[in-house]
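Peer 1: The structure that follows is given in the form of structure tokens.
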Amino acid sequence: MCTEHRRRSSSARRASVATSGSSAVALVLLAACNGTSSYMDATGTAGRHEATLGWWLTAAASAVVLFVCVAIVLGIMRHRNDPHRGDEGVMERKEVKSGLTWIYVGVAVTVVILAISFAGTMVTLNAASQPRITPLLTLDVTGHQWWWEVTYSQANDPSLGFTTANEVHLPVGEPVRVRLHSADVIHSFWLPQISGKMDVIPGQVNETWLEARQAGESRGTCGEYCGMQHAVMALNVTAESPEAFKRWADERRAGAAPVTSPEASAGRVVFARTCGACHAVTGTNALGQVGPDLTHVASRPMIGAGALTNTPEHLARWIRNAPGVKEGVRMPPLPLTDAELHDVITYIQTLH
Ligand code: CUA
């Protein structure tokens, strides 16, 4: 109806629709500023430093724009009733001296503002460059087209490693070291609320660190265009108390939950045969390394790196025809019978 209405409208009407359309977009964007993926709601150490700097720079830039606008308006008003208006020779002789003074003042003010901004930026970069204590926990994050592989390891206990996908849990108040790897093209690892972006480059390991200062959920994303599904390369970020983090990590280190029902048991056989070449489930015959590790997939809120919420209906859609949901995805459509699909989903739901 909206389309038809617009087609019939006059061009003036179209302009008005376009304006209100862009206002709506602007409103949505502004509303999104309060969302959980906004860097302005920073809850990480580096993120807070960067957000503070951002506000100061915005305030300084706004003050400069305001000052310039006021100066222009005052300058115009000052000569409105000048008797020599229009007599260019007289104006030039009269104004050249005071004009020069204002240029010196303008240059001095600009230099001071730039120097303060530069100093603020340096202080912020320094504060965000390294954590106050050496992190014990390390995250090796690998960017794939289009999902994230996340491997946890701990310097003081090498046996405590585990791998998950498209999710990051952070213990509040503890800095975490992050090493970034790419399996294919350039990506950029970005948890907007926690810290700034860092490029993920093939053949190179970039390092950064994260520290959450406040418990809560947020959304991480890929910050560098990396192909068709760049926008659907999300991470669920959970900042939680060190105790809750330890419980989560202990659960992740454990293998898959035992299967009790006959349906889930049948599903596990189908899974190992159909999915096991690409996906791994610790403690089973599924050992694939191509796609995300699914040992605890049922506990993740999303599937397909943010493509769909994790419900049985969405799992069915995804397994039947993943490219139909996320075009270009490496996972092929799987020709399972209804019974096989039902059993596989029953099995996947046991993978907490
Ligand atoms: Cu990965 Cu954009």
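Peer 1: Using 0.36 nm times the number of residues separating V290 and A215, minus their current alpha carbon distance, what extension gain do you get?
Peer 2: 23.8 nm
Peer 1: Around Y347, what is the net charge, scoring Lys/Arg as +1 and Asp/Glu as -1 over all other residues with Cβ under 9 Å from its Cβ?
Peer 2: -1
Peer 1: May I pose another question? With a 10 Å Cβ neighbour count serving as the proxy for reagent exposure, in which order, fewest first, do K246, K326 appear?
Peer 2: Ranked by crowding around the Cβ, least crowded first: K246, K326.
Peer 1: In percent, how large is the relative contact order of region 297-339, given Cα pairs closer than 8 Å and 6 or more residues apart?
Peer 2: Relative contact order of region 297-339: 25 percent.
Peer 1: What is the extension gain from I76 to Q154, computed as 0.36 nm multiplied by their sequence separation minus the C-alpha to C-alpha distance, in nm to one decimal?
Peer 2: Gain on extension, I76 to Q154, equals 21.4 nm.
Peer 1: Next question, about the same structure. At a threshold of 8 angstrom on Cα-Cα distance, excluding pairs fewer than six apart, so keeping six or more, what relative contact order does region 263-352 reach in percent?
Peer 2: Relative contact order of region 263-352: 36 percent.
Peer 1: By the scheme Lys and Arg +1, Asp and Glu -1, what is the net charge of all other residues having a beta-carbon under 13 Å from that of P202?
Peer 2: Once positives and negatives cancel, what remains is -3.
Peer 1: In a shell of Cβ-Cβ distance under 14 Å around E174, excluding E174 itself, what net charge do Lys and Arg (+1) and Asp and Glu (-1) give?
Peer 2: Local charge sum for E174: +1.
Peer 1: Describe numerically, in nm with one decimal, the distance between label points set 7 Å from Cα along Cα→Cβ at A277 and at A127.
Peer 2: Distance between the two pseudo-spin positions: 5.3 nm.
Peer 1: Moving on. Neighbour counts of other C-beta atoms within 10 Å: give me L315, L191 arranged from fewest to most.
Peer 2: Lowest count first: L315, L191.
Peer 1: Starting from the Cα-Cα distance between A61 and S265, subtract it from 0.36 nm times their residue separation and give me the gain in nm to one decimal.
Peer 2: Value of the extension gain: 67.1 nm.
Peer 1: Only four residue types carry charge here, +1 at the Cβ of Lys and Arg and -1 at the Cβ of Asp and Glu. Report the dipole size of region 187-291 about the Cα centre in Debye, rounded to the nearest 20.
Peer 2: 260
Peer 1: Among W147, W102, W209, W56, which comes first, second and so on when ranked by fewest other beta-carbon atoms within 10 Å?
Peer 2: W102, W56, W209, W147
Peer 1: Normalising by the residue count of region 160-285, find the relative contact order in percent from Cα pairs under 8 Å and 6+ residues apart.
Peer 2: That works out to 26 percent.
Peer 1: For T311 and L136, what does the FRET efficiency come to when R0 = 41 Å and r is the distance between their Cβ atoms, rounded to the nearest 0.05?
Peer 2: After rounding, the FRET efficiency stands at 0.70.
Just so you know, all these numbers are worked out from the coordinates, no wet-lab data involved. No experiment lies behind these values; they were computed from the predicted model shown. Methodologically, a virtual Cβ is constructed for each residue, glycine included, from the backbone with ideal geometry; neighbour enumeration extends over all protein chains shown.
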